[in-house]
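Written out below as structure tokens is the structure these notes cover.
The values are calculated or read from the model by the stated rules, or taken from the named source; none is laboratory data. Just so you know, these numbers come straight off a predicted model, no measurement behind them. Please note: Cβ atoms are built from the backbone with ideal geometry, for glycine as well, and neighbour counts cover all protein chains shown. Note: accessible area is taken over every heavy atom of the protein model, side chains too, but ligands, DNA and RNA are not part of it. Shrake-Rupley method; radii C 1.70, N 1.55, O 1.52, S 1.80 Å.
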Amino acid sequence: MKDRELKALVEAQADWIIQKRRQLHRIPEKGFAEFKTQKVITDTLDELGIPYTTERTWVIGMIEGALPGGVVGLRADMDALPIEEPEGCEFRSEHPGMMHACGHDAHVAILLGAAKVLMSIRDQLPGKVKLLFQPAEETDGGAEPMVAAGAMENPHVDRVYGLHVMPNLPVGTIETRAGTLNASTDSVRITIHGRAGHGAYPERSADAIVCAAQVITTLQTLVSRNLSPISSAVLSIGMISGGTAANIICDSVSMRGTLRTANSEIRAMMKQRIEEVTTGVAGVMGCTADVNIIPGYAALVNNGQEAMRIRRVAGRLFGRENAVEKPEPSMGGEDFSFFSDCAPGAFFHVGCAAREKMPAPPLHSKDFALDERCLTIGALMHVALVLDKG
């Protein structure tokens, strides 16, 4: 099928895709509680005649083409954020304290739009397409349990793609990169144990607050003095608590933070050094420390050939100048990595800001809003990637 014919097919569904997105925008739900969202998806798949299976709140649809070929997976995340949406949007959230401030409503609508187009050309469609509607990207991570339950098998997915709308990119732009696109995400929990005492007699105590201050200061040197300047990692301590009164030497301080790293080698090194530095500093100051690093998402590493395919397809559809390479990885997390660890795959960004409104409010902001022209662009990319023979 020629590109102009494919574009016309997708554009003909623009109003339908927009209405789906607005329907979803009204019902934002937290991770693993996307019951209304799941029903919109399953009702739509029923309408389109696409068989599916469900477990918890995820949905896996299957489109079978008339021609022989492999299996392509397309993923859309579906949960929302605990943010109160401001007044003014004509399809504003109906769930107090919840908002689709990260564009997952758009991701689901884009995939449903792609599914509708693919169903209309099944006689020209090679192989099969798995539609992976994933819950809980923002919280516990829905990709890992989906994969554990067999989402990438029966039949095995041969290549897999995902996307995210991006307000720092103008509408019409597609961005990706080969190699690491998003960092791994680990939670850091530290407890400093000291010895309580009277604030007037510090020599008789071991001050957990002073120790914690030294630990935090020293941890901030790990990136600058343990990594090459061209490597990527972030360690941020975002919470600290301790103490009971102004005149009592504190005997326990707890801290929580996040570790973001660009690859598995840096991740392992940083975990080791966090524990070494924390216990070492605590010991020097007469305290002890418990260090617990809770694994999160792995780094999202795009397959080089699939990232090249995305840029080639985007360049063909929208012009080479609009198929851009992201210069460096993002330290944000993305659990699409669990899918792409099972099959060659790549993740890409779809510009969703009108040029005249840039710079636009960022993701996870109450003021986030997207230009709905990006919806057909995302759907067109999904369909074109399925059909691409490169």
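A few notes on this one:
- Residue check: R122 meets all listed conditions (1) within 22 Å of I17 (Cα to Cα); (2) open to solvent by less than 40 Å² (accessible area, probe 1.4 Å); (3) not hydrophobic (A, V, I, L, M, F, W, C) but one, namely (2).
Yes/no matrix, rows are residues, columns are (1) touching a Lys or Arg at 6+ places or on another chain (Cβ under 8 Å); (2) within 30 Å of V383 (Cα to Cα); (3) in contact (Cβ under 8 Å) with a residue 12 or more places away in the chain; (4) among the aromatic types (F, W, Y):
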residue: M166; (1), (2), (3), (4): no, yes, yes, no
residue: S187; (1), (2), (3), (4): yes, no, yes, no
residue: I192; (1), (2), (3), (4): no, no, yes, no
residue: A200; (1), (2), (3), (4): no, no, yes, no
residue: I209; (1), (2), (3), (4): no, no, yes, no
residue: I216; (1), (2), (3), (4): no, no, yes, no
residue: Q220; (1), (2), (3), (4): no, no, yes, no
residue: N226; (1), (2), (3), (4): yes, no, yes, no
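- Condition met for L132 (open to solvent by 10 Å² or more (accessible area, probe 1.4 Å), part of a strand (DSSP E or B) and either over 19 Å from I41 (Cα atoms) or in contact (Cβ under 8 Å) with a residue 40 or more places away in the chain (or both)): no
- Counted residues, the stretch 164-213 - those being closer than 25 Å to Q305 by Cβ, in contact with a His (Cβ under 9 Å, 6 or more places away or on another chain) and not in a strand (DSSP E or B): 1
- Residue that is least open to solvent (accessible area, probe 1.4 Å) [pool: residues in the stretch 138-179 that are of a type in the set (D, E) and modelled with pLDDT of 95 or more]: E175
- Filtered residue count, the stretch 35-64, keeping only those that are among the β-branched types (V, I, T) and either open to solvent by 30 Å² or more (accessible area, probe 1.4 Å) or without any contact (Cβ under 8 Å) to a residue 12 or more places away in the chain (or both): 2
- Answer residue from the stretch 256-265, given it is modelled with pLDDT of 95 or more and buried (at least 22 other Cβ atoms within 10 Å of the Cβ) and is farthest from S205 (Cα to Cα) among those: T261
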